[in-house]
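Working notes for the structure below.
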Amino acid sequence: MIKTKNTKHISVTIPVSQKTSYEYLSEPKNFPEWASGLCKSISPLGNGEWSIDSPMGKLTAKFTDKNPYGILDHYVIFSPENISYNPLRIIENEEGSELIFTLFQTEGMTPEKFEEDSNWIKKDLEELKGILIKKFAR
């Protein structure tokens, strides 16, 4: 039997174009503005890695290179043995966009913690939506 993790897809509809939303989201320096569950501050380390001051302490992150597909995946590196993969997509939704985050329930994560993380991500995505509307909506 193939092993899989429990997942939750968390999404938010944003009345800002996919292209504009992607340009904002693909810049790691913008993460502290909206990703409170991950990032209080961020600075480049080089080689595509970033140092993050997070609620969990100092972490390293690696972000997907800019691309034409709306892929915004990132990896949070807690230690060389503990790397969290975070798939994030921004797709067109008529003239606006749909942001979709996939949360994986990691080994040892209780159902309560999984739900708590899901709620935090939803809050952050709603915060992001508000920021994008304020900055870019006509």
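The values are calculated or read from the model by the stated rules, or taken from the named source; none is laboratory data. In this text the structure is predicted, and so the values were computed from the model without any measurement. Every residue, glycine as well, gets a Cβ built from its backbone with ideal geometry; the counts of neighbours run over all protein chains shown. Ligands, DNA and RNA are stripped out before the accessible areas are found, and what is left, the full protein with its side chains, is counted by its heavy atoms. Shrake-Rupley method; radii C 1.70, N 1.55, O 1.52, S 1.80 Å.
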request  = Consider only pairs whose beta carbons are under 6 Å apart and that are at least six residues apart or on different chains; among these, list those whose first residue lies in segment 123-138 and is open to solvent by 80 Å² or more (accessible area, probe 1.4 Å) and whose second residue is not in a helix (DSSP H, G or I).
outcome  = Phe136/Val16
note = Within segment 55-95, residues buried (at least 17 other Cβ atoms within 10 Å of the Cβ), within 27 Å of Thr13 (Cβ to Cβ) and of a type outside the set (Phe, Trp, Tyr) come out as Ala61, Gly70, Leu72, His74, Val76, Asn86, Leu88, Arg89, Ile90
task = Answer yes or no as to whether Ser84 is farther than 19 Å from Lys129 by Cβ and at pLDDT below 90.
result = no
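Looking at Lys8, Lys19, Lys40, which is the one that is farther than 16 Å from Asp124 by Cα and either charged (D, E, K, R) or in contact (Cβ under 8 Å) with a residue 60 or more places away in the chain (or both)? Steps first, please.
Details: Lys8 fails: farther than 16 Å from Asp124 by Cα; Lys40 fails: farther than 16 Å from Asp124 by Cα.
Just a single option satisfies the conditions, and that option is Lys19.
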request  = Quick one: in segment 1-45, of everything that is in a strand (DSSP E or B), modelled with pLDDT of 95 or more and among the β-branched types (Val, Ile, Thr), which residue is surrounded by the most Cβ atoms within 10 Å (Cβ to Cβ)?
outcome  = Ile14
